[in-house]
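Trainee: Okay, here's the structure, questions in a sec.
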């Protein structure tokens, strides 16, 4: 009946709705009655108008706001209905929901009569009614309402005041701007805060209006103006901000110093240098920030030229310019700061370190590591490790790289706070080796909880790690966990183990303490195949003795001493995935590699050896002639630092990731020993150790 009915259907539907007291009941009679009225409002306006007015009165008597709103919607949708009368009815009713809904139904533009009626009602209403009216005026961006709204910006009613101030900001014309900025002269903190927040949304230029009222404003108002100037970077107001540094008003002076960096340009550097060099200068960090901001539009070369010149002037306090040097991010600046750190003492040395610690790019990790490794001062070393952790955490480097430097920092960390911080970060690296690295820390009381949580995160977030080793680690995690959520965490571990393999997976080729599972190198796969068992055994015994001298296993690392030959797995492998961390030490001709199925090789380079083409980077299939031999990109870390390979060999094709970067993508590895044959289907893995005086370290 509500959709197909005619005027004759109104009576039975009205009776049904009336029986329900026009409530929205299960039978839907009230909703159906209203729907029919909406259907008929064009064809039988008179009847619908009469019914809607009756409904409005009934809803008022029965205190049914939802029915009032529905009736009001019907009446507002009838073109001939007097909107001013309806608006007056709603506003006098003072029900906030009805007021807001009725205002929402008004046309976007009111004629003068309707507007004057609304303002008259606004002034005569309670705050509960005034608030939605002012909100509506603001949403309509009604410019002529600015003066009427402004009366309420100092209301004792907090909600009404806030609405008035925000509505002025929405209107956003010049009159509204003048009213809003005038509020900054108030002594009322709440009013100032509301005005400042509203002005942050203002679209136009307000710099000169703010400047014109600055001196007449309270301290709170002045600070708000300075904050607005800072948020908009109003460089035109530099002089006003700078001049506040010389007033006898500590509150405003401090805020002005903070603002300086947002209004300074290269034209202001002379002023800033002068203030920074003053004996007993106030606001040194703020002035340094302003100098950095002033340099920001210049090239890095221009920046370092200006700063270097200023810092080298006779009598200059050069250490005050170290933050600016760091800001330039140039290699020249880094080298100078490193040198200053090495050769200086006291404040100058500390300033050089602090500048390095705030360096923006990741390459500062290397001088920070040098400081941590070489410092004999525990405080100095601890600060360097903190800086290393912070540099790693804030960087966007690949997780493999983060893992490598966190691993290094963990070895050097000299307190439990640092160790716990590093352990937590290792849990985010998605590296299998991090899981192995963390396991022993579950045996240390002060570290075991974070080690268990980090291990759990690594294992559960990376199902591809699943296998016997991970199962063992997760079982240890379950026993170690001791926190309010441990029960839930154990259930998550149990679920993971039920859904993933608990056998096989990665296995360790190296036990971390001796050469068990390894042997020396005899010839090559082809020459070995031609030996008798006796010949091979004799030769093997000889090279095993040499390998025991030339390859040293200690503290989880395999070290090649620079004498001897390759170290080989006793077992042979066909298709496999391999993880290996490696470090190449500086030397005469640093070089190394990993032989796959007895065949050279995944190359390890010192990329500075450009005379032999090493600038292409490590990870390539160096001995290939027909297929690609160079890596896709250079992904090496600095010589003397840990790197990590992921190597996959399926059939004769090899994929290599170096430090998380794809460097070899499914390339055929050629048979170096006989290029007429394909690669051997199964053979040993070898760690290269053939070049004299090359010191190489492998682990994990």
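Trainee: Taking the chain as the reference, fit the longest principal axis to its C-alpha atoms, fit the long axis of helix 331-343 to the helix C-alpha atoms, and give the angle between the two in degrees, 0 to 90, nearest 10.
Mentor: 70
Trainee: Among 670-683, 185-198, what's the highest-first ranking by average C-beta atoms within 10 angstrom per residue? Walk me through the intermediate numbers first.
Mentor: Working: 670-683: 15.1, 185-198: 18.1.
Going by the mean number of other Cβ atoms within 10 Å, highest first, we get 185-198, 670-683.
Trainee: Using only the alpha carbon atoms of the range 584-674, find the Kirkwood hydrodynamic radius as the inverse mean reciprocal pair distance, in angstroms to one decimal.
Mentor: Numbers: mean 1/r = 0.0764 Å⁻¹.
Kirkwood hydrodynamic radius for the range 584-674: 13.1 Å.
Trainee: Next up: Report, in degrees rounded to the nearest 10, the 0 to 90 angle that the Cα long axis of helix 533-550 makes with the longest principal axis of the chain.
Mentor: Once rounded, the angle reads 60 degrees.
Trainee: Only one of the listed values, (1) 29.6; (2) 31.1; (3) 47.8, was derived from the coordinates as mean projected area of the Cα convex hull in nm²; which label is it?
Mentor: Checked against the structure: label (3).
Trainee: What shape does the range 434-485 take by its C-alpha gyration tensor, where a ≥ b ≥ c are the square roots of the eigenvalues and a/c under 1.5 counts as rounded, a/b above b/c as prolate, and the rest as oblate? Walk me through the intermediate numbers first.
Mentor: Working: a/c = 1.87, a/b = 1.53, b/c = 1.22.
Prolate shape, in that a/c is at least 1.5 and a/b is the bigger ratio.
Trainee: Quick one: Kirkwood hydrodynamic radius for the range 174-252, alpha-carbon pairs, angstrom, one decimal? Mind dumping the intermediate values first?
Mentor: Details: mean 1/r = 0.0800 Å⁻¹.
One decimal place: 12.5 Å for the Kirkwood radius.
Trainee: Compute the convex hull volume of the Cα atoms of the range 558-608, divide it by the residue count, and report the result per residue in Å³ as a whole number.
Mentor: 107
Trainee: Given just the C-alpha atoms of the range 488-594, how large is their convex hull per residue in cubic angstrom? Write down the numbers at each step before the final one.
Mentor: Numbers: hull volume 17.5 nm³, N = 107.
Expressed per residue, the convex hull around the Cα atoms of the range 488-594 is 164 Å³.
Trainee: Okay, next question. To the nearest Å, what is the center-to-center distance of the range 643-691 and the range 269-283, using C-alpha atoms only?
Mentor: The distance from the Cα centre of the range 643-691 to that of the range 269-283 comes to 61 Å.
Trainee: A follow-up question, please. Which value in Å is the Kirkwood Rh of the range 518-699 over different Cα pairs?
Mentor: On the way: mean 1/r = 0.0604 Å⁻¹.
So the Kirkwood estimate lands at 16.5 Å.
Trainee: Rounded, prolate or oblate: which fits the range 610-658 when a ≥ b ≥ c are the square roots of the eigenvalues of the alpha-carbon gyration tensor, with rounded for a/c under 1.5 and prolate only if a/b beats b/c?
Mentor: Taking the square roots of the gyration eigenvalues as a ≥ b ≥ c, the range 610-658 is oblate.
Trainee: Plugging the Kirkwood radius over Cα pairs into Stokes-Einstein for the range 280-338, at a temperature of 10 °C and a viscosity of 1.306 mPa s, what D comes out in µm²/s? Don't skip to the end; give the middle numbers.
Mentor: Working: Rh = 11.6 Å.
For the chosen part, D equals 137 µm²/s.
Trainee: Whole Å is fine, so just give me how far the alpha carbon centre of the range 205-227 lies from that of the range 434-489.
Mentor: 56
Trainee: Pull out a ≥ b ≥ c, the square roots of the eigenvalues of the alpha-carbon gyration tensor of the range 304-379, then state rounded if a/c is under 1.5, prolate if not and a/b is larger than b/c, and oblate in the remaining case. Mind showing how you got there, number by number?
Mentor: On the way: a/c = 2.35, a/b = 1.35, b/c = 1.75.
Cα axes put the range 304-379 in the oblate bin.
Trainee: Roughly how many whole Å is it from the C-alpha centroid of the range 527-550 to that of the range 24-79?
Mentor: That distance is 101 Å.
Trainee: Where does the chain land at 222 nm, in deg cm²/dmol rounded to the nearest 500, when only DSSP H runs of n ≥ 4 count, each adding -39500 (n - 2.57), divided by all residues?
Mentor: Numbers: 32 runs with 362 residues, N = 700.
After summing the helix terms and dividing by the residues of the chain, the value is -16000 deg cm²/dmol.
Trainee: Using the alpha-carbon atoms, what tilt in degrees (0 to 90, nearest 10) does helix 416-426 show relative to the longest principal axis of the chain?
Mentor: For helix 416-426, the angle is close to 80 degrees.
FYI, it's all coordinate maths here, none of it is from the lab. Because the structure is a prediction, the values reported are computed rather than measured. All Cβ positions, glycine included, derive from the backbone under ideal geometry; neighbour counts span all protein chains shown.
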